[in-house]
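One structure below.
The values are calculated or read from the model by the stated rules, or taken from the named source; none is laboratory data. Every value quoted in this text rests on a predicted model; they were computed, and no experiment measured them. All accessible areas refer to the heavy atoms of the entire protein, side chains included, with ligands and DNA or RNA removed. Shrake-Rupley method; radii C 1.70, N 1.55, O 1.52, S 1.80 Å.
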Amino acid sequence: QVQLVESGGGLVQAGGSLRLACAASGSIFDINAMGWYRQAPGEQRELVALITSRGNTNYVGSVKGRFTISRDNVKNTVYLQMNSLKPEDTAVYYCHVDADRSGYWGQGTQVTVSS
């Protein structure tokens, strides 16, 4: 079983920055893709950024150039650096990890961007 613990959410003014982290622990043999999703009130959960085991990344268009996903394979941790935040980035952010042929979700962390 894999446990994911997220950190780094909070309240920030528009234009500010936050860095999210998600650490995976437990009986892990192999971690493949790691990603961040978000869900705003009344909206569907959407993929924000993804990073493969080889370090290839993919971003939703609205965050390109502002957000950066990275991972530390020694610490089994994925990060999301969010710069130039906008009010429309306000959502609960969830990490997702593909490990040992199963998918795992973090508990979610709230990001609120004030205008």
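Considering Cα pairs under 8 angstrom that are at least six residues apart, work out the relative contact order of the chain and quote it in whole percent. Intermediate results must be reported in sequence, preceding the final value.
Details: 286 pairs, mean separation 41.9, N = 115.
Relative contact order of the chain: 36 percent.
Note on segment 47-94: the alpha carbon radius of gyration divided by the globular reference 2.2 N^0.38 Å gives 1.18.
Per residue, the solvent-accessible area of segment 3-98 (1.4 Å probe, heavy atoms of protein chains only, all protein chains present) comes to 52 Å².
Rounded to the nearest 5, what % of DSSP beta bridges with both residues in the chain are antiparallel?
Counting only bridges with both partners in the chain, antiparallel ones make up about 90 percent.
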